[in-house]
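Have a look at the structure below, then the notes.
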Amino acid sequence: MIKFWKKRIKLGTLTEDLEFDTQLNEIQKEIKDHVHKKFAGSLAIRMVDSGSCNACEAECNALSNPYYDLERLGIYFVASPRHADVMLLSGIMTFNMTPHVLEAYKQIPEPKWVITLGDCPAMQAPFDKNFAIKSPAEEHLPVAHHIAGCPPDPKEIIKGILSFLRKI
Ligand code: SF4
């Protein structure tokens, strides 16, 4: 038992990042403010997978949990590009998916923005360019912001969304 407590005290709390908790409050406040001013309180994101391994999507799912709680900030993931303001693009832009990505982009009403998520669409992942891979996405679409990582964790994604909102 003593051994357990010694280890517990030495390592501290591993499941929570208390420093980030404070930072997150600030990030959320600023995001809510930008969404209110620039998108009348509601920013719709259409996530498009152009050939990913799904890890980027899994990290994105965490943004809807009560800790990050994107919906409380006015950011929603929508099922149709016609309802979206922003395309959040993950994946390596495969030969087969590229035309569908471009079609989805076409369907988003103006004004619209593209954020690339993860190293794949920026062609920084461990893939070589070949006939099946059409990355980088910026050769096909006007990319407004890139969130790096393989996969980027929810902290990086929420910080990335804030950087995008500051930019526009
Ligand atoms: S960036 Fe990494 S985690 Fe994301 S889709 Fe590509 S390989 Fe998967």
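Computed from the coordinates by the stated procedures, all read-outs in this text should not be read as laboratory data. All values derive from a computational prediction rather than experimental measurement. Because the Cβ atoms are built from the backbone with ideal geometry, glycine has one as well, and the counts that use them run over all protein chains shown.
Okay, here's what the table says:
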| quantity | calculated |
| --- | --- |
| Filter on K37/K155; K37/K112; K32/K106 - keep pairs with C-alpha separation over 25 Å | K32/K106 |
| DSSP bridge pairs, the chain: antiparallel proportion in percent, nearest 5 | 5 |
| Under 5 Å, built H, 5+ apart or other chain: amide partners of V48 | L88, L89, S90 |
| W5, W113 arranged by Cβ crowding within 10 Å, fewest neighbours leading | W5, W113 |
| Where only alpha carbons of the chain are counted, the Rg and the Dmax (Å) | 18.1, 63 |
| Residue exposure sequence - L141, L18, L102, L88 - by fewest surrounding Cβ within 10 Å | L18, L102, L141, L88 |
| Sparse-neighbour loop sites [trypsin sites (Lys or Arg not before Pro); segment 60-131; at most 15 other C-beta within 10 Å; DSSP] | K129 |
| Stretch gain in nm, segment K167-K32, where the contour uses 0.36 nm per residue and the Cα spacing is subtracted | 47.1 nm |
| Cβ-based exposure ranking for V78, V86, in which fewest neighbours within 10 Å come first | V78, V86 |
| Estimated 222 nm signal from helices in the chain, with DSSP H stretches of n ≥ 4 weighted -39500 (n - 2.57), rounded to 500 | -12000 deg cm²/dmol |
